[in-house]
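Chemist: Could you have a look at this structure, given as structure tokens, before my questions?
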Amino acid sequence: MMKKTSMAVAFALVFSGQAIAAMQSCYTDEAGSTADIRFQDNGDGTVVDLQTELVWRRCLSGTTWNQATQTCDGEPSGFKWKSALFHIEHNEKSSGYGGVTNWRMPNIKELFSLREVACISPAVNLKAFPGFIRKEEDMWALTSTVWSSTANLQTQDVPSFGLNDGLVTHFGFQDYELGVLLVSDGEEQ
């Protein structure tokens, strides 16, 4: 009996990743907006958006790309907006990750360009960004919403992009710890 239970648990663990990937819901009668051919995999944890020519990290800050499993390992870090800017400036900007030394926080238009209009959970291309929503709790985690660099200094809020639902929401600078997705113009600086 113990052997059968162990095998059932092992089987469930092996296939649980596939169940999460299958959670994405796409409307079949809706034309997709971020086709797989739009993204070029650089093989180093980054992708190039051939439409915008931006280089994106495939994983949120706090997680790392695993080439063997083709997903992100670890748990995403949550940051208040100003802390996120500080973190990028002092830890990420010139890290050389993916051969790039000018990582930055994307503006809201750049983030919104990733939105897959035909899908939710997540609302981005799964081939380019397979590691954002790995388990059900990730769909509702604050880190599944990422900060933009587009701040409104008068109202002290920042539009953010929901990776799960594709919605733009405004949060105060100090209200929440959201996720961080990094982008680069691709040119060495």
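Chemist: Looking at the stretch 154-180 only, could you name the residues that are within 16 Å of F132 (Cβ to Cβ) and either of a type in the set (G, A, S) or in a loop (DSSP other than H, G, I, E, B) (or both)?
Modeler: S160, G162, L163, N164, D165, G166, L167, G179, V180
Chemist: Output the residues belonging to the stretch 98-111 that are touching a Phe, Trp or Tyr at 6+ places or on another chain (Cβ under 8 Å) and at pLDDT below 90.
Modeler: Passing the criteria: none in range.
Chemist: Restricting to the stretch 69-126, name every residue that is β-branched (V, I, T) and more than 19 Å from T143 (Cα to Cα).
Modeler: Residues satisfying the conditions are T69, V100, T101, V117.
Chemist: Can you give me the ranges of the helices (runs of 4 or more DSSP H) entirely in the stretch 43-152 with at least 3 residues that are on the phi < 0 side of the Ramachandran plot and surrounded by fewer than 18 Cβ atoms within 10 Å (Cβ to Cβ)?
Modeler: Hits in the stretch 43-152: 81-87, 136-140.
Chemist: In addition: What's the number of the only condition in (1) touching a strand residue (DSSP E or B) at 6+ places or on another chain (Cβ under 9 Å); (2) modelled with pLDDT under 70 that A19 fails to meet?
Modeler: A19 satisfies every listed condition except (1).
The values are calculated or read from the model by the stated rules, or taken from the named source; none is laboratory data. From a predicted model like this one, the values you see are computed outputs, not experimental measurements. Please note: Cβ atoms are built from the backbone with ideal geometry, for glycine as well, and neighbour counts cover all protein chains shown.
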